[in-house]
Amino acid sequence: EKLKAAFVRVANKVIKDSDGLIKKMMGNIEKVLIKNKEDEEIKAIDSRLAEIREQITNLIRLNSRSSIDSDIYDEEYNRLVLEMENLRSKRLAYTKTEMECKNNYSRVREIEKILNEYGLINSFDEELFRVLVEKIRVVSLVEVEFVLKTGVVVGEII
């Protein structure tokens, strides 16, 4: 019961400040997305990947036309492929971050829509709890943290 009462207080805090909270979260997500789009490292990775693809194509053509030494060909081909794989894994990390941001953005929009439907609550609302809370962490015997699905952590005394 104390935990439910603590959730009611947290939910009311979130509902009262939903505009500010949502704007802050959306701003943070948008900053990451914009930073990723403008990030010079991503551009450098994409550029280098294009160069490597071209080098591999040229190497294959050269080998088919002039039959270069197979050891030299294999060594150069393997070097280029290894570099390409390393760059692809770096690029994938950026793509993964971008997808996570887009998922968070959608989740925040969904939560915003639900919060706009709610006024302050007087008792525990299981549906709202499921929508808002990802997990609860016990900090001490008298304090818990509600980790919201948006990533925000709200502490509350029970």
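The values are calculated or read from the model by the stated rules, or taken from the named source; none is laboratory data. All values derive from a computational prediction rather than experimental measurement. FYI the Cβ positions are ideal-geometry reconstructions off the backbone, even for glycines, and counts take in every protein chain you see.
Within segment 108-129, the residues that satisfy the criterion of being surrounded by fewer than 16 Cβ atoms within 10 Å (Cβ to Cβ) and under 16 Å from A6 (Cβ atoms) are L120, I121, N122, S123, F124, E126.
Listed by position, the strands (runs of 3 or more DSSP E) inside segment 56-158 whose residues that are touching a residue at least 60 places away in the same chain (Cβ under 8 Å) and out of contact with any helix residue (DSSP H, G or I) (no Cβ under 6 Å at 6 or more places or on another chain) number at least 2 are 133-138. Would you mind stating whether M84 is at pLDDT 85 or above and surrounded by 15 or more Cβ atoms within 10 Å (Cβ to Cβ)? Yes. Every test in (1) farther than 30 Å from K113 by Cβ; (2) in contact with a strand residue (DSSP E or B) (Cβ under 7 Å, 6 or more places away or on another chain); (3) of a type in the set (K, R) is passed by R9 save one, and that test is (1). Among the candidates I52, I56, I72, the residue that is surrounded by fewer than 12 Cβ atoms within 10 Å (Cβ to Cβ) and among the β-branched types (V, I, T) is uniquely I72.
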